[in-house]
Amino acid sequence: MPLDKQQVRRLLAFIADTRDDEIDCDECLAGMAEFAEAELVGVGILDGLKRIEAHISGCPECAEEYGLLRDVLRNASSSSID
């Protein structure tokens with residue numbers, strides 16, 4: 001089945017957004033907890049974590065994992081305050 005124009009545009013945008021220093025899902029998952037904790041406490045994202053941020057923004061599976069982890073950390077944080 002051929003791609004429609006919108007699918008082609010998204011694919012081209014995704015290709016154009018790739019970088020030489022990208023990480024794979026395993027590397028992303030390995031650093032995801034540190035990234036989520038930094039975001040949760042509001043500290044700036046360290047340079048080493050920027051690749052995780054970039055991966056999450058382009059990978060739906062890792063973005064979903066990250067959302068779940070962030071929710072768990074927020075709930076744990078709010079329940080420890082009570």
- So GLU34, is it in contact with a helix residue (DSSP H, G or I) (Cβ under 8 Å, 6 or more places away or on another chain) and part of a helix (DSSP H, G or I): yes
- in a loop (DSSP other than H, G, I, E, B), modelled with pLDDT under 90 and not acidic (Asp, Glu), is that true of ARG19? yes
- Screening LEU49, LEU68 for residues that are without any contact (Cβ under 8 Å) to a residue 40 or more places away in the chain, more than 11 Å from the chain's Cα centre (by Cα) and either over 25 Å from ALA13 (Cα atoms) or surrounded by 13 or more Cβ atoms within 10 Å (Cβ to Cβ) (or both) leaves only LEU68
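The values are calculated or read from the model by the stated rules, or taken from the named source; none is laboratory data. Because the structure is predicted, anything quoted here is derived from the model rather than measured. For neighbour counting, all protein chains shown are included, and Cβ atoms are generated from backbone atoms with ideal geometry for every residue, glycine included.
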